[in-house]
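**Q** Sharing a structure, written as structure tokens. Questions coming.
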Amino acid sequence: MENKNRNTAAIGVFDSGVGGLTVTREIMRQLPNENVVYFGDTARVPYGSKSKNNIIRFSRQIIRFLKTKNVKAIVIACNTASALALETVKEEFDIPIIGVIVPGARAAVRETKNGQIGVLGTEATIKSETYTKEIRKLMPEAEVIGKPCPLFVPLVEEGFAKHKITEEVIDIYLSDMRKSEIDTLILGCTHYPLLRSRIMAYFGESVHIVNPAYETAMDLKQILEEQKIANTSGEPAAYDFYVSDAAEKFKKFANSILPYDVDKTQAIDIEDY
């Protein structure tokens with residue numbers, strides 16, 4: 001791909017479902033010139049309870065699909081896939097690939113005053129301890145408390161983010177963490193920013209909430225500038241959405257959270273890749 005074409009090539013973004021749209025939303029805000037091709041693996045969601053081998057296999061298939069769209073960089077907008085597959089696929093593909101964990105860990109280290117950091121995520125993300133490892137690389141003395149919150153994803157996907165049932169689930173999962181000394185909390189799953197105001201209200205002013213979606217968009221911006229592949233064409237950005245199942249449901253959800261009207265979402269058979 002010659003550089004001029006490379007500049008206008010899209011950013012590939014993928015997630016297990018709709019959660020990665022929170023990352024896409026930040027890319028739209030922070031990098032308004034960039035075209036985006038999004039893939040949501042809605043047929044195989046959730047990733048949080050799957051094995052490492054499966055997550056790596058899914059990620060390879062999706063990256064192969066995104067490469068057919070000539071993307072110039074890929075964002076794994078899924079904490080579970082960032083934790084379990086990023087290192088493997090980075091070595092296998094000749095394209096910049098970034099995840100959401102390193103940017104989130106860096107932001108938490110920057111914000112914490114007392115070195116006590118909480119991480120909310122899927123079971124796979126918390127069990128992998130990837131956030132803990134990344135935080136300790138930057139702050140060896142940090143204390144990290146991880147908490148899996150598996151019900152948050154279905155609550156968000158079913159549209160219950162503002163329902164009182166979600167407040168009850170937050171209390172069940174997080175009451176112990178609220179009694180701890182943490183001053184910084186990472187929303188370590190891309191669905192969780194959609195519960196951010198609820199979680200903020202639950203912890204109060206004393207806890208700083210880190211949204212890795214924003215941090216990831218800023219990292220992507222830096223990579224595009226360093227590699228001189230940012231889109232400077234001045235053309236309006238184009239956004240394409242693909243899923244492995246339930247395209248209509250995905251589109252409806254996307255339209256509820258994106259600053260852009262999604263008029264079509266295409267279902268593809270990801271097992272072909």
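The values are calculated or read from the model by the stated rules, or taken from the named source; none is laboratory data. Worth saying up front: this structure is predicted, and the values here are computed from it rather than measured. Methodologically, a virtual Cβ is constructed for each residue, glycine included, from the backbone with ideal geometry; neighbour enumeration extends over all protein chains shown. The protein model used for the area step is the full one, side chains on, heavy atoms only, and it has no ligands, DNA or RNA in it. Shrake-Rupley method; radii C 1.70, N 1.55, O 1.52, S 1.80 Å.
**Q** Between region 1-65 and region 173-200, how far is it from one alpha carbon centroid to the other, in angstrom?
**A** Cα centres, region 1-65 to region 173-200: 24 Å.
**Q** Arrange the residues VAL89, VAL144 by how much accessible surface each exposes, largest first, with a 1.4 angstrom probe. Can you show the working numbers first?
**A** Numbers: VAL89 0, VAL144 30 Å².
These residues rank, largest area first, as VAL144, VAL89.
**Q** Same structure again: Once the cut-off is 25 Å, how many percent of the Cα-Cα pairs in region 1-109 end up in the long-distance tail? Intermediate results must be reported in sequence, preceding the final value.
**A** On the way: 973 of 5886 pairs.
Here the long-distance tail beyond 25 Å is 17 percent of all Cα pairs in region 1-109.
**Q** Then there is this: Hey, what angle do you get for helix 212-226 against the long axis of the chain, alpha-carbon based, 0 to 90 degrees rounded to 10?
**A** Compared with the principal axis, the helix lies near 40 degrees.
**Q** Over the chain, with the other protein chains present, what is the accessible area per residue in square angstrom, probe 1.4 angstrom?
**A** Per-residue value: 46 Å².
**Q** A follow-up question, please. For PHE241, which sequence-distant residues (separation of 5 or more, or a different chain) have an amide H within less than 5 Å of its own amide H, given hydrogens modelled in the peptide plane?
**A** Close amide H contacts, sequence-distant or interchain: TYR38, GLN266.
**Q** Tell me, rounded to the nearest percent, the portion of alpha carbon pairs in region 180-273 spaced more than 17 Å apart.
**A** Counting every Cα pair in region 180-273, those more than 17 Å apart make up 69 percent.
**Q** May I pose another question? Could you list which residues have their amide H under 5 Å from that of ILE209, counting only those 5 or more apart in sequence or on another chain, with H placed in the peptide plane?
**A** So ILE209 has HN proximity to LEU185.
**Q** If you don't mind, another one. How high is the FRET efficiency from SER180 to PHE160, r the C-beta distance, R0 22 Å, rounded to 0.05?
**A** 0.25
**Q** Taking Cα atoms of the chain, Rg/Rh with Kirkwood Rh, to two decimals?
**A** 0.95
**Q** Distance check, please: which entries in LYS50/LYS133; LYS90/LYS249; LYS228/LYS251; LYS67/LYS221; LYS164/LYS249 exceed 25 angstrom between their Cα atoms?
**A** Result: LYS90/LYS249; LYS228/LYS251 exceed 25 Å.
**Q** Along each of its three principal axes, how wide is the spread of alpha-carbon positions in region 70-214, in whole angstrom units, largest first?
**A** Answer, in whole Å and largest first: 45, 39, 24 Å.
**Q** Search the structure for amide H atoms under 5 Å from the amide H of ALA10, placed 1.01 Å from N in the peptide plane, and list their residues when 5 or more places away or on another chain.
**A** When sequence neighbours closer than 5 places are left aside, the close amide H contacts are LYS72.
**Q** Under a point-charge model restricted to the Cβ atoms of Lys and Arg (+1) and Asp and Glu (-1), what is the dipole moment magnitude of the chain relative to its Cα centre, in debye to the nearest 20?
**A** Taking the Cα centre of the chain as origin, the dipole is about 120 debye.
**Q** What's the carbon and sulfur percent of the chain's accessible surface, probe 1.4 angstrom, rounded to a whole number? Walk me through the intermediate numbers first.
**A** Values: 5940 of 12500 Å².
Solvent-exposed carbon and sulfur of the chain make up 48 percent of the total.
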